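Here the structure is laid out as structure tokens; the discussion comes afterwards.
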Amino acid sequence: MIKAITFDLDGVYFVNGKSNFITNIVKLGVSEDEAKRVFLKSDEMNHQYKEGKMTDDEFWTWAVKEWKIDKTPEELMDLLISGYEVDQNVVETVKRVRSNDYKTLICTNNFPARINGLQERFKFLDDFDGKSISYEVGSSKPDPKIYQKLIEVSGVNADEIVYADDNNDNILEAQKIGINAFFYDGFDKFIEKLKELGINI
């Protein structure tokens, strides 16, 4: 029986943040490819920063130098957070399943400035019972440690957790340790799958 439902943040709960940020960096005179290289594709972002090996100040100081722009790390972090919106349908679904006695969980590769900035702006963590975040765990999906942390914070068994992802490697690793993991193909289909699993939504 499912007792806990995992929700993704970027692109699901929160929308438009990455694209708005890239657009705003381009407006500062940086090429789109260069904006994406630093913010989306770099080892500094995807491993060092998201795995807690770089601080907010260290990463954004590095980004400023790479982009050769006249901004402080704080200004870039503020610019990032200002571009995010919530998907109200997802927000309401999280609240509804929680009111129906399911635990609500987060499993995300992320960095402190984004989590803390979005919490300050939207108070979203208040609607979740547990979180497994890469920079706190010290490793990122698909490392099994992040899924083990998810089980730990859930307070339920692995086979009582639902988790969806659009990356097959992430799904396979979650399945290996017993989590009900499946491919994420949009929020409507996610809801359909939850209903198929007998979840009261």
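So for the stretch 72-80 (the condition being among the charged types (D, E, K, R) and closer than 30 Å to SER154 by Cα), does at least one residue qualify?
Within the stretch 72-80, none of the residues are among the charged types (D, E, K, R) and closer than 30 Å to SER154 by Cα.
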**Complete:** Note: among LEU80, LEU105, LEU118, LEU125, just one is open to solvent by 30 Å² or more (accessible area, probe 1.4 Å) and under 28 Å from PHE21 (Cα atoms), namely LEU125
**Request:** Output the qualifying pairs, or none if there are none: Cβ atoms under 6 angstrom, residues six or more apart or on different chains, first residue in the stretch 90-107 and of a type outside the set (A, V, I, L, M, F, W, C), second residue in a helix (DSSP H, G or I) and open to solvent by less than 10 Å² (accessible area, probe 1.4 Å).
**Result:** LYS103/SER154; THR104/VAL94
**Asked** Any chance the stretch 136-158 includes a residue that's closer than 22 Å to MET54 by Cβ and hydroxyl-bearing (Ser, Thr, Tyr)?
**Response** yes
**Request:** Count, please, the residues in the stretch 1-14 that happen to be aliphatic (A, V, I, L, M) and open to solvent by 60 Å² or more (accessible area, probe 1.4 Å).
**Result:** 1
**Asked** Among all residue pairs at least 6 apart or on different chains, which show Cβ distances below 6 Å where the first residue, located in the stretch 30-54, is over 17 Å from PRO112 (Cβ atoms) and the second is surrounded by 15 or more Cβ atoms within 10 Å (Cβ to Cβ) and at pLDDT 95 or above?
**Response** VAL30/TRP67; GLU32/VAL26; ALA35/ILE22; ALA35/ILE25; ALA35/VAL26; VAL38/ALA63; VAL38/GLU66
**Top-ranked residue in the stretch 184-199 [being outside any helix (DSSP H, G or I) and over 13 Å from VAL162 (Cα atoms); ranked as least open to solvent (accessible area, probe 1.4 Å)]** = GLY186
**Request:** Identify the single condition in (1) surrounded by fewer than 18 Cβ atoms within 10 Å (Cβ to Cβ); (2) modelled with pLDDT of 95 or more that ALA181 does not satisfy, given that it satisfies every other one.
**Result:** (1)
**Item:** Options ASP57, ASP70, ASP33: the member that is modelled with pLDDT of 95 or more, at negative phi and touching a Pro at 6+ places or on another chain (Cβ under 6 Å)
**Value:** ASP57
**Asked** Pick from the stretch 129-157 the residues that are open to solvent by less than 20 Å² (accessible area, probe 1.4 Å) and hydrophobic (A, V, I, L, M, F, W, C): which of them is farthest from ASN180 (Cα to Cα)?
**Response** ILE133
**Request:** Could you check how many residues of the stretch 159-168 are more than 16 Å from the chain's Cα centre (by Cα) and open to solvent by 10 Å² or more (accessible area, probe 1.4 Å)?
**Result:** 3
**Asked** In the stretch 15-62, what residues are of a type in the set (Lys, Arg) and either in a helix (DSSP H, G or I) or surrounded by fewer than 16 Cβ atoms within 10 Å (Cβ to Cβ) (or both)?
**Response** LYS18, LYS27, LYS36, ARG37, LYS41, LYS53
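The values are calculated or read from the model by the stated rules, or taken from the named source; none is laboratory data. Being a predicted model, the structure only gives us computed values, none of them experimental. Quick reminder, even Gly has a Cβ in these numbers, built from the backbone with ideal geometry, and neighbours come from all protein chains shown. Surface accessibility is based on the protein's heavy atoms, side chains included, excluding ligands, DNA and RNA. Shrake-Rupley method; radii C 1.70, N 1.55, O 1.52, S 1.80 Å.
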